[in-house]
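Quick notes on the structure that follows.
The values are calculated or read from the model by the stated rules, or taken from the named source; none is laboratory data. Predicted, not measured: the structure shown is a model, and the values here were computed from it. Note that we place each Cβ from the backbone using ideal geometry, even for glycine, and neighbour counts take in every protein chain shown.
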Amino acid sequence: MRDPMRLLILLLVVLGVVLIGFTAGRGCDRHQVKRGERITALLDGSSLPEARRAELKEKLRAALPGAERKKVRRQLSGEVIAILEAEQFDAEAYRESLDRMFLERQRQKQRMLEVIVEVASELNWEERKALADIFRRSPKFKHLPRTN
């Protein structure tokens, strides 16, 4: 009788520790600074004139995916999933939905790319190195070597 009780208590303690770790990890993720905020901070400390900094920051904010763009992407994803879940599969509708989703994603990436090119073209060499470091922190660029 005693051993099953010990096992249950040990299991509850381990589960509690795992749950606390998971919760703490999720809380830390929410407080991480986003790449757009890092670029904005870089612009704040740049050698650019104040008016130009404000203009570039506004373009950057406009290019970042906001609530409306995320809503569009969720809606397009919902359409794709609805087609897959339908009793009768419509391959043509599925292709069209995937194409719309792909085109929307490409439009958003193109907007962001254009703003980043404009920002980078106006920064000096030291500031461009700092911009490169911001992008190097992204999981997409983790494979690149650090140059410090």
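Is the range 5-19 home to any residue that is assigned to a helix (DSSP H, G or I), under 28 Å from the mean Cα position of the chain (by Cα) and not hydroxyl-bearing (Ser, Thr, Tyr)? Yes.
The residues on offer are 145, 139, and the sole one that is under 30 Å from residue 71 (Cβ atoms) and at pLDDT below 90 is 139. Among the residues here, residue 54 does not qualify as farther than 20 Å from residue 130 by Cα and either hydrophobic (A, V, I, L, M, F, W, C) or at pLDDT 95 or above (or both).
Filter the range 57-107 for residues that are among the β-branched types (Val, Ile, Thr) and modelled with pLDDT of 90 or more and give the result. 80, 81, 83 - these are the residues of the range 57-107 that are among the β-branched types (Val, Ile, Thr) and modelled with pLDDT of 90 or more.
What's the number of the only condition in (1) outside any helix (DSSP H, G or I); (2) touching a helix residue (DSSP H, G or I) at 6+ places or on another chain (Cβ under 7 Å) that residue 88 fails to meet? Going through the list (1) outside any helix (DSSP H, G or I); (2) touching a helix residue (DSSP H, G or I) at 6+ places or on another chain (Cβ under 7 Å), residue 88 breaks only (2).
For the range 50-72, filtering for residues that are surrounded by 11 or more Cβ atoms within 10 Å (Cβ to Cβ), closer than 14 Å to residue 119 by Cα and not aliphatic (A, V, I, L, M) leaves 7. Specify which of the listed residues (96, 79, 118) is surrounded by 12 or more Cβ atoms within 10 Å (Cβ to Cβ), out of contact with any Cys (no Cβ under 8 Å at 6 or more places or on another chain), in contact (Cβ under 8 Å) with a residue 60 or more places away in the chain and assigned by TED's automatic domain parsing to the domain that holds residue 134. The unique qualifying residue is 118.
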